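Peer 1: Can you keep this structure in mind? I'll have questions shortly.
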Amino acid sequence: MVLIAAMGVGGVSLLIAEAAMRLVIARQELSLLTSAAAFIDNDIDGKRQLLKSLTEQIPGREVTLDEVQAWLEAHGALRDAFFDVTAFDVSGTLIASLRDRRAKGTINIADRQYFQDTVRMREGLISTPFKSQLSGKPVIVITQTLENARGELIAVLVGAIDLQRPSFSAQLDVLRSNGEGYLFIVGSDRTIIHHPNKDLILKPVERDEDSVMDAVLKTPEGWQDNLLDEGELSLVAHKRLRTVDWTIAVSYPTRSVFAPMATVRLRALAAASLLTLLAALFGWALTKALLRPLETLHGHVEDISSGASDIKVFDVVDEDEFGSLSRAFFALSQHRARAEQALHRLATTDALTGINNRRMFDEFFPIALSRASRAGQQVGLAFLDVDHFKRINDEYGHAAGDAVLVEFARRLERTVRCTDTVARLAGDEFVIVFEQLPSNAEVNLLGRKILEAMAAPFLVGGRELLVTTSIGIALTTSMPAAADDVMRAADQALYGVKAAGRNGFAVNHAGAERLLRVRGLP
């Protein structure tokens, strides 16, 4: 009876701890999926906003279909964001391609549902995945209507995202870089969008009530730990995306998670059986001692679930099975933290120059305005363009243009103060947020320093290029200012510099109706 009781107590304790650990692991996997889903949503939404912002530059002037090719090539940011950007006239015939201008007139997409829906609704959309006629690759496309000054539809812009391009798939594969389990994405129409087996992409999921993908599609987002994946019991977590009708999921073999627990269970029960045979009292005491670390581990699990502790409590130095299990949990948490940091870095860093991107600026600038308003300080916002950047691309090639942008960003970061923030919006468009300005004179000094920093020739491909910049600076006043008002004032100042001949800077105040004097180098 004592033996049975000891084995029962040990087994029940282990089962309780295992159930709590299952919950911790499931929540960690679901949290990681939530981060990945947010990254995909933000990435697709950012590309959609980029395409929309380009078409919003058209109203107020006439653009012919022949100008669309040059207009696309003038926006270098499209090459960073999309695998290809094409334009089709209202009949569905290709009129421009950022990737291959020779393809004009060779393709017609009038029978594509996404093209028909875009023309019918007169607004952009995100397509279902399909195989591209131009590249033969699995893609999704983002469409946007292009209208002339009279509001007439003249073309449809189509931005293609390659589902196998490293900028999309590699950022997802890194989440399962430890070699255990796999991550996949499936659409509501049962089409596979992402999978470690590239041959399955764009293939429909066969209907099988016992399959993991069927379970993911039929159940609300969350997790299950009792599913069979290719004959192996697995923990499966899944999350719905916001911008597209997709589900991102991860399948993780439970054997790899609970292998240390199985060893602990067998050794604890064997020790309890042996010692109980010698003496009931001695067996009880020893069993109690053996289960004490497990009770501590169980207490850690409960503390983490309630928020009283963090995952660092599992980082122990003990060399027994309990210590091995604790360190395994800690390593899993560290992997998740690194993956989230990598996702955030990819989402807020410009791929070409390595500085902050537009998404980071959109998040940071309103916060900077609020911080300055509470402290009673001024904030300056500078809009910068590389003068005649299209001419550099046309004469020396896009590789030279990219090199100019990289060097331009490097000089900006070396010129501004440590309290200032530099970001690239798109193409040759840059911004600087000046915080903690002591006076208006400081902005004039910063404007001249930037012009002086660009005065030295740029060494590009073995040749020296003279590169200048136009700078529009907006200053906040003592009254609280909205981000849009400050950006509008900076844009007005930039327009004034360009009208005055470029290679200079102008300062404006948020809410001002007239532009202050344009200044340049003496």
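The values are calculated or read from the model by the stated rules, or taken from the named source; none is laboratory data. Note that the structure is predicted; figures quoted are calculated from it, not measured. Note: ideal-geometry Cβ built from the backbone for every residue, glycine included; neighbour counts use all protein chains shown. Ligands, DNA and RNA are excluded from the accessible area calculation, which covers all protein heavy atoms including side chains. Shrake-Rupley method; radii C 1.70, N 1.55, O 1.52, S 1.80 Å.
Peer 1: Quick check: with the 1.4 Å probe, what order do LYS288, LYS131 take by accessible area, largest first?
Peer 2: The ordering from most to least exposed comes out as LYS131, LYS288.
Peer 1: Ranked by accessible surface with a 1.4 Å probe, highest first, in what order do ILE154, ILE185 come?
Peer 2: ILE154, ILE185
Peer 1: Output ³J(HN,Hα) for region 418-425: one whole-Hz value per residue in order, computed from phi by the Karplus curve 6.51 cos²θ - 1.76 cosθ + 1.60 with θ = phi - 60°, and x for Gly and Pro.
Peer 2: 5, 8, 9, 10, 10, 8, 9, 7
Peer 1: Considering amide H positions built from the backbone, and no H for Pro or chain starts, which residues 5 or more places from ASP84, or on another chain, come under 5 Å of its amide H?
Peer 2: Result for ASP84 returns ALA160.
Peer 1: Can you list residues whose amide H is under 5 Å from ASP229's amide H, if they're 5+ apart or on another chain and H is modeled 1.01 Å from N?
Peer 2: Those qualifying (amide H under 5 Å, at least 5 residues apart or on another chain) are SER234.
Peer 1: Quick one: 3J(HN,Hα) in Hz for region 239-244, Karplus 6.51/-1.76/1.60 with θ = phi - 60°, rounded, Gly and Pro as x.
Peer 2: Values per residue, Gly and Pro as x: 9, 7, 8, 8, 7, 10 Hz.
Peer 1: What lysines could a cross-link reach from LYS218, if we take a straight Cα to Cα line under 25 Å and drop same-chain neighbours fewer than 8 places away?
Peer 2: LYS198, LYS203, LYS239
Peer 1: Run the simple label-point estimate for ARG267 and ARG502 please: 7 Å along Cα→C-beta, distance reported in nm.
Peer 2: For ARG267 paired with ARG502, the spin-label model returns 7.2 nm.
Peer 1: Could you name the aspartates and glutamates in cross-link range of LYS312, using Cα to Cα under 16 Å and dropping any fewer than eight places away on the same chain?
Peer 2: The qualifying aspartates and glutamates are GLU302, ASP303.
Peer 1: Let me ask another. Can you send over the solvent-accessible area of SER439, 1.4 Å probe, protein chains only, in Å² to the nearest 10?
Peer 2: 50
Peer 1: A further question on this structure: Relative to the present Cα-Cα distance, how much length would full extension add between LEU228 and LEU281 at 0.36 nm per residue of separation?
Peer 2: 14.7 nm
Peer 1: I want to check the label-to-label distance for MET121 and THR55. Put each point 7 Å from Cα in the C-beta direction and report it in nm to one decimal.
Peer 2: It works out to 1.1 nm between the two label points.
Peer 1: List the lysines whose Cα sits under 25 Å from the Cα of LYS449, skipping any in the same chain fewer than 8 residues away.
Peer 2: Once the sequence-local lysines are set aside, what remains near LYS449 is LYS390, LYS498.
Peer 1: Can you pull the one-decimal nm distance between simple spin-label points at ARG292 and LYS449, each 7 Å off the Cα toward Cβ?
Peer 2: Using points 7 Å along Cα→Cβ, the separation is 6.3 nm.
Peer 1: Next up: How much length is gained on full extension from GLU413 to THR243, taking 0.36 nm per residue of separation minus their Cα-Cα distance?
Peer 2: Result for the pair: 57.8 nm of gain on full extension.
Peer 1: If you don't mind, another one. Accessible surface of ILE16 in the full protein assembly, 1.4 angstrom probe, to the nearest 10 Å²?
Peer 2: The value for ILE16 is about 80 Å².
Peer 1: Now a separate question. Expressed in nm to one decimal, what extension gain is obtained for the pair ALA351 and THR219 from 0.36 nm per residue of sequence separation less their Cα-Cα distance?
Peer 2: Contour length minus the Cα-Cα distance gives 43.8 nm.
Peer 1: Per residue of region 495-500, in order, report the coupling 6.51 cos²θ - 1.76 cosθ + 1.60 (Karplus, θ = phi - 60°) as ³J(HN,Hα) in whole Hz, putting x for Gly and Pro.
Peer 2: Per-residue couplings from phi come out as 4, x, 5, 5, 5, 8 Hz.
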